[in-house]
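Here is the structure we will look at.
The values are calculated or read from the model by the stated rules, or taken from the named source; none is laboratory data. The model shown is predicted, which means the values in this text are computed figures rather than measured ones. Here Cβ is always computed from backbone atoms with ideal geometry, including for glycine, and neighbour counts include all displayed protein chains.
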Amino acid sequence: MASRPFEDLDIYLLSGTLTESDEIALGDTFIGNCVEGNSAFLFFSTPAEKQVTGLLKSLGYHTLKEWDHDTTWFTTLAEKT
């Protein structure tokens, strides 16, 4: 069986997309994203609520949801302002 680089991914769902410079600001634990229409899933190797909410606060217009491993559903952390 192949080893998995990350046991648990920390996933955040945004209503909107980010620029490359926004992604760089998310730090070293940011793995990448998947854009679906006007939404983006952001993948991190460790919890990144502080980095993501800080960036979104500066942008002021995204909705943020975080994947909850216990409920296997997204929970809302911030709403569109």
**Request:** Filter segment 13-28 down to residues that are in a loop (DSSP other than H, G, I, E, B) and under 11 Å from the mean Cα position of the chain (by Cα), then give me how many there are.
**Result:** 3
**Complete:** Residues of segment 39-81 being at pLDDT 65 or above and at positive phi, in sequence order, are 60
**Asked** Can you tell me which residues in segment 34-52 are among the β-branched types (Val, Ile, Thr) and crowded, with 16+ Cβ neighbours inside 10 Å?
**Response** 52
